[in-house]
Amino acid sequence: MLYEFTVQSSRREEFILITGEINRILAEAGMKNGSCTVFIPHTTAAVTVNECADADVAADLLAFLARLVPASGAYRHREGNSDAHIKAALLGTSLHLIVREGKLDLGTWQGVFLAEFDGPRRRKVKVWA
Amino acid sequence: MLYEFTVQSSRREEFILITGEINRILAEAGMKNGSCTVFIPHTTAAVTVNECADADVAADLLAFLARLVPASGAYRHREGNSDAHIKAALLGTSLHLIVREGKLDLGTWQGVFLAEFDGPRRRKVKVWA
Amino acid sequence: MLYEFTVQSSRREEFILITGEINRILAEAGMKNGSCTVFIPHTTAAVTVNECADADVAADLLAFLARLVPASGAYRHREGNSDAHIKAALLGTSLHLIVREGKLDLGTWQGVFLAEFDGPRRRKVKVWA
């Protein structure tokens with residue numbers, strides 16, 4: 001079944017933890033064991049798995065990407081957010097995750113994040129479970 | 001069921017939209033709702049989701065990757081295409097996508113692209129649907 | 001069904017081929033045709049598909065990432081492995097692969113690698129097949 005939820009970002013760039021939302025959907029879907037797909041239908045945001053125990057890890061990744069992909073440059077796309085498209089492509093728009101005993105089967109330090117690169121915006125996340 | 005189609009690239013580096021081909025396969029497979037896997041069995045090309053409304057977005061991403069990963073450098077691999085292997089690894093070789101009412105359930109501006117980094121070549125794309 | 005195996009890395013950074021381990025699991029699972037998920041429950045290692053015929057390709061990718069993401073820098077995360085978290089995020093923690101006639105349906109030159117960025121460590125790899 002297809003599920004969807006929304007996330008409101010509050011800055012141009014930030015990582016927002018969505019592990020809890022996905023686990024709520026798995027409970028609603030009644031999925032016990034299996035795999036699920038997490039997909040973001042946007043081109044300037046991504047979904048990624050990384051450490052959620054120390055928020056500095058996500059901060060370091062955001063800062064790295066900001067240095068790697070300058071916000072302004074000789075871009076052809078005229079909407080002023082080419083860097084956001086590039087960062088989203090580097091992290092990716094889909095994840096395929098394992099479900100065990102009704103929850104995402106993640107490592108101890110792992111969380112699923114929505115990576116916002118062109119906020120603040122209201123974003124949709126789709127889950128096939 | 002496993003499906004396959006081929007794409008002929010015409011330049012060393014380019015993004016080729018393959019959303020239509022995948023939707024044709026979904027129609028052939030008779031898949032209405034679910035998820036599908038798109039996989040490219042090559043090591044110097046990738047599959048990625050990004051904006052398809054403005055071709056400048058793909059052009060900016062190609063130009064960024066060309067600056068990031070120089071075509072020539074102190075590479076050990078002697079076939080002269082190490083940059084292509086690296087770019088392909090950064091974007092990835094597999095996508096897992098949601099299918100709704102017989103079509104890929106993409107966002108308004110999203111398309112699925114074959115990213116060619118060592119063309120022109122004839123490339124295969126595999127779809128499990 | 002959920003399967004798991006472990007990999008012992010022997011250096012801080014290295015690519016370890018795990019195609020054979022996954023194929024052994026597929027044989028154990030009795031999966032003939034379909035798709036499987038490969039997931040690594042760690043935040044400083046990744047799973048990726050790339051050329052396995054010439055080990056120089058993996059060496060070039062490791063060297064590129066080492067230049068791209070300096071091991072030391074103005075990182076906030078205090079464990080001294082921020083670069084490893086960033087490299088893992090760039091390659092990704094999950095793969096969704098096609099299975100044909102009981103084996104991974106990879107291209108001629110493709111292999112599945114565990115990418116270690118903060119070893120030596122004992123790593124788990126999970127497979128849903």
message = Could you compute how much accessible surface residue C:10 exposes when probed at 1.4 Å, giving the result in Å² to the nearest 10?
response = 80
request  = Collect residues whose amide H, placed 1.01 Å from N in the peptide plane, falls under 5 Å from the amide H of residue B:4; neighbours closer than 5 in sequence don't count.
outcome  = B:127
query = Which chain A residue puts its Cβ closest to the axis that rotates A onto B, and at what distance in whole Å?
reply = A:96, 2
remark   = Simple SL model, points at 7 angstrom along Cα→Cβ for residue C:24 and residue A:33; separation in nm is 2.1
note = Net charge near residue A:54 (other residues with Cβ under 10 Å of its Cβ; Lys, Arg +1; Asp, Glu -1) is -2
request  = Return the FRET efficiency for the residue pair residue B:108, residue C:122: r is the Cβ-Cβ distance, R0 is 45 Å, and the value is rounded to the nearest 0.05.
outcome  = 0.50
key: DSSP beta bridge pairing in chain C, given as percent antiparallel to the nearest 5   = 100
ask   = What dipole magnitude, in Debye to the nearest 20, does segment A:30-129 give about its Cα centre under +1 on Lys/Arg Cβ and -1 on Asp/Glu Cβ?
value = 500
task = Nearest 100 Å² is fine: how much accessible area is buried between B and A, summed over both sides, with a 1.4 Å probe?
result = 2200
ask   = Helix A:82-91 versus the longest principal axis of chain A: what is the Cα-based angle in degrees, 0 to 90, to the nearest 10?
value = 30
message = Please compute the volume of the convex hull spanned by the alpha-carbon atoms of the protein assembly as shown and report it per residue in Å³.
response = 129
query = Of A:126/B:87; A:87/B:87; B:126/C:126; A:103/C:126, which pairs sit farther than 18 Å apart, going by alpha carbon to alpha carbon?
reply = A:126/B:87; B:126/C:126
task = Compute the semi-axes of the equivalent ellipsoid of segment A:77-119, taking the square root of 5 times each eigenvalue of the Cα gyration tensor, and list them largest first in whole Å.
result = 30, 9, 8
inquiry  = At a threshold of 8 angstrom on Cα-Cα distance, excluding pairs fewer than six apart, so keeping six or more, what relative contact order does chain A reach in percent?
reply    = 54
key: Selection from A:46, C:9, C:94, by position along the positive dipole direction of the protein assembly as shown (Cβ)   = C:94
For segment A:18-94 versus segment C:50-101, the gap between their alpha-carbon centres in whole angstrom = 17
query = Based on DSSP, what percent of beta bridges with both residues in the protein assembly as shown are antiparallel, to the nearest 5?
reply = 100
inquiry  = Tell me the per residue accessible area of chain A using a 1.4 Å probe; a whole number in Å² is fine.
reply    = 40
note = Copies of residue A:12 compared via label points 7 Å along Cα→Cβ give distances in nm, shortest first, of 3.3, 3.3
request  = Starting from the exponent 0.38 and prefactor 2.2 Å, build the expected Rg for segment C:26-95 from its residue count and divide its actual Cα Rg by it.
outcome  = 1.41
Carbon plus sulfur fraction of accessible area for chain B, probe 1.4 Å, in percent = 48
request  = Put one equal scatterer on each alpha carbon of chain B, apply the Debye formula with no solvent term, and list log10 I(q)/I(0) at q = 0.13, 0.18 1/Å to two decimals.
outcome  = -0.53, -0.94
Additional length obtainable on full extension of the chain from residue C:72 to residue C:11, 0.36 nm per residue less Cα span = 20.2 nm
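The values are calculated or read from the model by the stated rules, or taken from the named source; none is laboratory data. What you see is a predicted model; the values in this text were computed from it and never measured. Neighbour counts run over all protein chains shown; Cβ positions are idealised from the backbone, glycine included. Calculation scope for accessible area: heavy atoms of the full protein, side chains included, ligands and nucleic acids excluded. Shrake-Rupley method; radii C 1.70, N 1.55, O 1.52, S 1.80 Å.
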